[in-house]
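Novice: Pasting a structure here, questions to come.
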Amino acid sequence: DLGGHRISFIKIDAEGSEPLVLQGAQETLAKFRPTIHIEVNKPSLYAGGFTADSLQTMLRQLDYQFYAIRLRRKGGLRRRLFLIPIASLTVDLGSCEDVLAISSPSSLPPIGKPKLTTELLRQPPPVHAYDPKTPSSERL
């Protein structure tokens, strides 16, 4: 019980054990449909007895769509974040890349539907002043 709170975002970097994390989170993923930031490290997955296909199958069963997270230089030192739609975690990615898995809007529960991803990306990030003397529990 989360006391009425929703889980909207999960970051997974388990050095090849991502399928095990997803397996353990199946109920949570089905209930809340959070956006997932996941590292797809093909050599680590293979070393753990998995493949990128195993990740893809698990998430596709829950109606997730995939986007490669890419940073590109835009004039000088400025960088921009791009989300590139991808069809296959096996074919469309290099050996180790970060992926955003977003639940299909049609599969979301009717209450509390989040804004579409493109709308979220257009919003400026919140600005937080960083003070190293502030305890980490009080930041944000």
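The values are calculated or read from the model by the stated rules, or taken from the named source; none is laboratory data. Nothing here was measured: the structure is a model prediction, and the numbers come from that model. A quick note on method: Cβ atoms are made from the backbone with ideal geometry, for glycine too, and the neighbour counts reach across all protein chains shown. Accessible surface areas use protein heavy atoms only, side chains included; no ligands, DNA or RNA. Shrake-Rupley method; radii C 1.70, N 1.55, O 1.52, S 1.80 Å.
Novice: Provide the FRET efficiency to the nearest 0.05 for the F82-E15 pair, computing r from the beta carbons and using R0 = 25 Å. Display every interim value, and only then the final one.
Specialist: On the way: r = 25 Å, r/R0 = 1.02.
The value I calculate is 0.50.
Novice: For the stretch 1-91, with every protein chain kept in place, what is the accessible area per residue (1.4 Å probe, Å²)? Numbers along the way, then the final one.
Specialist: Numbers: 5600 Å² over 91 residues.
Computed with neighbouring chains in place, this is 62 Å² per residue.
Novice: Quick one: which of 57-63, 31-37 comes out on top by average Cβ neighbours within 10 Å, and what's the full order, highest first? Walk me through the intermediate numbers first.
Specialist: Values: 57-63: 15.7, 31-37: 18.6.
Put in order of decreasing packing, that is 31-37, 57-63.
Novice: May I ask you to order 4-10, 49-55, 24-30 by the average number of other C-beta atoms within 10 Å around their residues, highest value first?
Specialist: Numbers: 4-10: 11.1, 49-55: 17.7, 24-30: 13.7.
Going by the mean number of other Cβ atoms within 10 Å, highest first, we get 49-55, 24-30, 4-10.
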